[in-house]
Amino acid sequence: MKVLVAYASKYGATEGIARRLGEGLRKRGLEVDVMRCKDVHEASGYDAYVVGSAAYEFNWRRSARKFVERNAEVLTATPTWLFSSGPLGTEKVDKDGNDVLKGAEPKQFAEYRELVHPRGTQVFRGAYQHDEIRGVDRIVAWMPAVRDILPEGDFREWDAIDAWASTIADEMGEPAARA
Ligand SMILES: Cc1cc2nc3c(=O)[nH]c(=O)nc-3n(C[C@H](O)[C@H](O)[C@H](O)COP(=O)(O)O)c2cc1C
């Protein structure tokens with residue numbers, strides 16, 4: 001079975017997650033291409049799709065949104081999973097007691113559940129180095145209120161990423177149970 005892992009990453013954290021998911025799926029005997037969304041010129045021809053993006057201001061990157069929207073028909077007809085990378089820090093719940101990963105779902109998850117009926121959606125913690133940030137992000141990231149919610153570090157949880165790759169491999173051959 002052939003799987004496409006397509007991702008959108010600005011500073012590399014999400015690319016690392018996508019590559020790790022690809023390795024996990026290969027270990028399960030699947031043939032895997034890991035590609036940036038913007039480099040995928042022909043999306044059809046795979047038996048499953050895993051699509052992910054970094055979240056900025058609660059939204060997926062444009063190239064990932066375009067990828068899903070342009071290929072919605074193929075994704076709907078084929079087993080598809082979506083992931084998002086974003087929340088920084090290690091807290092499980094926020095100051096109001098709400099689940100941090102749930103609260104970091106990008107706006108696109110709700111929309112794409114309707115559009116492509118993914119078999120699963122998952123949020124992973126991300127990574128952030130203040131000095132690497134460029135352009136308009138840098139202006140946002142320097143705002144004192146924003147700096148407080150953007151702790152620096154690599155918070156990616158490789159065990160959770162590996163476990164999700166395993167779940168996808170398990171579910172791939174099963175009939176659809178919609179997310
Ligand atoms: C300006 C800015 C805005 C961000 N907004 C969000 C957000 O809305 N939700 C979220 O979960 N993470 C947010 N993050 C964290 C990034 O999504 C996180 O660092 C991610 O892992 C970056 O992935 P990338 O290196 O692949 O671009 C933001 C980071 C920056 C610098």
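The values are calculated or read from the model by the stated rules, or taken from the named source; none is laboratory data. What you are looking at is a predicted structure, and each value in this text was computed from that prediction instead of being measured. Heads up, the Cβs are rebuilt from the backbone with ideal geometry, glycines too, and the neighbour counts pull from every protein chain shown.
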Check your understanding: In the stretch 1-27, what residues are modelled with pLDDT of 95 or more, under 13 Å from Ile168 (Cβ atoms) and away from the ligand (no atom under 11 Å from the Cβ)?
Key -> Val3, Leu4, Val5, Arg20, Leu21, Gly22, Glu23, Gly24, Leu25, Arg26, Lys27
Review point. In this structure, is Lys38 farther than 26 Å from Gly173 by Cβ, of a type in the set (Lys, Arg), touching a helix residue (DSSP H, G or I) at 6+ places or on another chain (Cβ under 6 Å) and assigned to a helix (DSSP H, G or I)?
Key: yes
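Restricting to the stretch 18-35, what's the tally of residues that are assigned to a helix (DSSP H, G or I), of a type in the set (A, V, I, L, M, F, W, C) and over 18 Å from Phe67 (Cα atoms)?
Kept after step one, since they are assigned to a helix (DSSP H, G or I), are these residues of the stretch 18-35: 18-27.
Within this subset, residues satisfying the condition of being of a type in the set (A, V, I, L, M, F, W, C) are 18, 21, 25.
Cutting the leftovers down to over 18 Å from Phe67 (Cα atoms) gives us 21, 25.
Result for the stretch 18-35: 2.
Yes/no matrix, rows are residues, columns are (1) modelled with pLDDT of 95 or more; (2) over 15 Å from the mean Cα position of the chain (by Cα):
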{"site": "Leu82", "(1), (2)": "yes, no"}
{"site": "Pro87", "(1), (2)": "no, no"}
{"site": "Thr90", "(1), (2)": "no, yes"}
{"site": "Asp94", "(1), (2)": "no, yes"}
{"site": "Asp99", "(1), (2)": "yes, yes"}
{"site": "Gln122", "(1), (2)": "yes, no"}
**Study point:** Long-range neighbours under 9 Å by Cβ, at least six apart or interchain, first residue farther than 15 Å from Val40 by Cβ within the stretch 52-77, second outside any helix (DSSP H, G or I) and acidic (Asp, Glu)
**Key:** Ala55/Glu105; Phe58/Glu105
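Can you tell me which residue in the stretch 41-57 is nearest to the ligand (Cβ to nearest atom), limited to those that are farther than 21 Å from Trp158 by Cβ and buried (at least 18 other Cβ atoms within 10 Å of the Cβ)? Steps first, answer last, please.
Initially, the stretch 41-57 is screened for residues farther than 21 Å from Trp158 by Cβ, giving 41-49, 56-57.
Checking the rest, the ones that are also buried (at least 18 other Cβ atoms within 10 Å of the Cβ) come to 43, 46, 48-49.
On the way: Ala43: 20, Tyr46: 22, Ala48: 22, Tyr49: 19 Å.
Ranking the candidates gives Tyr49 first.
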**Study point:** Tally, over the stretch 58-78, of residues that are assigned to a loop (DSSP other than H, G, I, E, B), over 19 Å from Gly12 (Cβ atoms) and either within 16 Å of the ligand (Cβ to nearest atom) or touching a helix residue (DSSP H, G or I) at 6+ places or on another chain (Cβ under 6 Å) (or both)
**Key:** 1
